[in-house]
Amino acid sequence: GLVVIATFAALSGHFYDWTWDGNTYHKGMVAMLKDGWNPIKETFYVYAQNNFPFMSKATYTWYDAYPKGCEIWGGVLYNLTNNIETGKSFNVIILFALFCICYVFLDETKLLNKWQSVCCSIFLVINPSVLAQLFTYYTDGILYQMLLLCFVALLYLTFYNRGKYVNLCWFLIFLSINIGFNIKFSAIIFLAILCLSFAGYWLFLKIKTD
């Protein structure tokens, strides 16, 4: 796990994030968190005024309103490597982890050959949004990964409710919801629709069988 994190952090560190959002409030939050800002105790503007007055002129409301799950990770990596670009490695790490999860689940179904499971897993985790944001601080790609993780776990519970990964699936659903909420507030809507849809289907099956 440490080798994977170190490898992808080093890889991300070689790509400069040229995006508008990445170079404004995302990196701004990462830099402030690395410097010692505690968003629980003080607002971004108070901390900036006392420590980096030029940043207090920023007019973006995202500094305080935005969930900071990815930025906290970025701040930790920035502090460790002294390279702010390594902080956006969360995109590649989650993509790799989700590929492994999708492959294991698909392989257990025995419906596909191993090479087919590999190909399907690649196509599941990669899409235009993920590829475009892979080496940026944008969070739409990682939000998609959390939705996919939740969806895959829910599918497994629906069709393989006696499989060996049932307990893991419940944990992955819990994990995807928690990470999703700390990435973007819109995750609340997307994950609620996803989970309630499956809950409704399970309830329908329960009523039908009873």
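The values are calculated or read from the model by the stated rules, or taken from the named source; none is laboratory data. From a predicted model like this one, the values you see are computed outputs, not experimental measurements. Positions of Cβ are generated from backbone atoms using ideal geometry, with glycine treated the same way; all protein chains shown enter the neighbour counts. Quick note on the areas: whole protein, heavy atoms, side chains included, nothing else; ligands and nucleic acids left out. Shrake-Rupley method; radii C 1.70, N 1.55, O 1.52, S 1.80 Å.
Scanning the stretch 28-65 for residues that are among the hydroxyl-bearing types (Ser, Thr, Tyr) and part of a helix (DSSP H, G or I), which turns out modelled with the lowest pLDDT? Before the answer, list the steps.
Step one: filter the stretch 28-65 for residues among the hydroxyl-bearing types (Ser, Thr, Tyr), giving 43, 45, 47, 56, 59-61, 63.
Those left that are additionally part of a helix (DSSP H, G or I): 45, 47, 56, 63.
Numbers: Tyr45: 87, Tyr47: 90, Ser56: 77, Tyr63: 87.
Only one residue fits best here, namely Ser56.
Only one residue in Phe123, Phe171, Phe159 is modelled with pLDDT of 95 or more and either under 22 Å from Glu85 (Cα atoms) or not small (Gly, Ala, Ser) (or both), so which one is that?
Phe171
Check the stretch 66-84 and report whether any residue there is open to solvent by less than 50 Å² (accessible area, probe 1.4 Å) and modelled with pLDDT under 90.
Checked the stretch 66-84: at least one residue is open to solvent by less than 50 Å² (accessible area, probe 1.4 Å) and modelled with pLDDT under 90.
Could you list, in sequence order, the residues of the stretch 66-82 that are among the aromatic types (Phe, Trp, Tyr) and part of a helix (DSSP H, G or I)? Steps first, please.
Step one: filter the stretch 66-82 for residues among the aromatic types (Phe, Trp, Tyr), giving 66, 73, 78.
Trp73, Tyr78, listed by residue number.
Before we move on, is Val125 under 24 Å from Leu2 (Cβ atoms), among the aliphatic types (A, V, I, L, M) and buried (at least 21 other Cβ atoms within 10 Å of the Cβ)?
Working: under 24 Å from Leu2 (Cβ atoms): yes; among the aliphatic types (A, V, I, L, M): yes; buried (at least 21 other Cβ atoms within 10 Å of the Cβ): yes.
Considered against the rule, which asks whether it is under 24 Å from Leu2 (Cβ atoms), among the aliphatic types (A, V, I, L, M) and buried (at least 21 other Cβ atoms within 10 Å of the Cβ), Val125 comes out as yes.
Specify the residue that is nearest to Phe96 (Cα to Cα); the eligible residues are those in the stretch 5-27 that are open to solvent by less than 60 Å² (accessible area, probe 1.4 Å) and outside any helix (DSSP H, G or I).
The selected residue is Asp17.
Report every pair of residues separated by at least 6 positions or lying on different chains whose Cβ atoms are under 8 Å apart, first residue within the stretch 140-153 and within 15 Å of Pro67 (Cβ to Cβ), second among the polar types (S, T, N, Q) and assigned to a helix (DSSP H, G or I).
Asp140/Ser129; Ile142/Asn91; Met146/Ser176
Condition test on Ala187, is it open to solvent by less than 60 Å² (accessible area, probe 1.4 Å), of a type outside the set (S, T, N, Q), closer than 30 Å to Tyr63 by Cβ and touching a Pro at 6+ places or on another chain (Cβ under 9 Å)? Show your work before the answer.
Numbers: open to solvent by less than 60 Å² (accessible area, probe 1.4 Å): yes; of a type outside the set (S, T, N, Q): yes; closer than 30 Å to Tyr63 by Cβ: yes; touching a Pro at 6+ places or on another chain (Cβ under 9 Å): yes.
It is true that Ala187 is open to solvent by less than 60 Å² (accessible area, probe 1.4 Å), of a type outside the set (S, T, N, Q), closer than 30 Å to Tyr63 by Cβ and touching a Pro at 6+ places or on another chain (Cβ under 9 Å).
Give the residues of the stretch 95-108 that are open to solvent by less than 40 Å² (accessible area, probe 1.4 Å) and over 16 Å from Leu168 (Cα atoms), sorted by residue number.
Residue satisfying the conditions is Leu95 alone.
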